[in-house]
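Notes follow once the structure below has been shown.
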Amino acid sequence: MSTPVAKARNSGPLLSRIVAAVFGGYALAALTSVAAAALPMSRTEAVLAGMLLSFVVYALAVVWVFAVRSATRAWAGLLLAAAPLLLAAWPVWNGNGAA
């Protein structure tokens, strides 16, 4: 028989991947959408492009989280992908994005 501690130890990586897929993927998609607003095009086109691209990024993030060998690599991959998007989104949040 397995103890509750053993069950939690075995299901921990799976729960971490699920959280990474749902919330980490959402955060990555949201960053993509905001970063796209900094593209050199009209604001309407940039918002539309960001929304469309965010769906692709979210789907790819979910696939990535469950394709890698460990939950740690899944989180590391999401953080590495988020870093340049955060730098691209920063001017938009400060009001210096493309007009």
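The values are calculated or read from the model by the stated rules, or taken from the named source; none is laboratory data. Because the structure is a prediction, the values reported are computed rather than measured. We place every Cβ from the backbone using ideal geometry, glycine too, and count neighbours over all the protein chains shown. Just so you know, the surface numbers come from the protein's heavy atoms only, side chains and all, with ligands and any DNA or RNA stripped out. Shrake-Rupley method; radii C 1.70, N 1.55, O 1.52, S 1.80 Å.
Quick notes on this one:
- One residue from LEU85, LEU39 being out of contact with any Lys or Arg (no Cβ under 8 Å at 6 or more places or on another chain), more than 18 Å from LEU15 (Cβ to Cβ) and part of a loop (DSSP other than H, G, I, E, B): LEU39
- Scan of segment 39-59 for residues that are open to solvent by less than 80 Å² (accessible area, probe 1.4 Å) and within 18 Å of PRO91 (Cα to Cα), ordered by number: LEU39, MET41, SER42, ALA46, VAL47, ALA49, GLY50
- Subset of segment 1-14 that is assigned to a helix (DSSP H, G or I) and open to solvent by 70 Å² or more (accessible area, probe 1.4 Å) - its residue that is farthest from LEU78 (Cα to Cα): PRO4
- Among the residues making up segment 15-38, a single one is under 23 Å from PRO91 (Cα atoms) and open to solvent by 70 Å² or more (accessible area, probe 1.4 Å): TYR26.
- Residue check, LEU80 open to solvent by 80 Å² or more (accessible area, probe 1.4 Å), of a type in the set (A, V, I, L, M), over 30 Å from PRO13 (Cα atoms) and part of a helix (DSSP H, G or I): no
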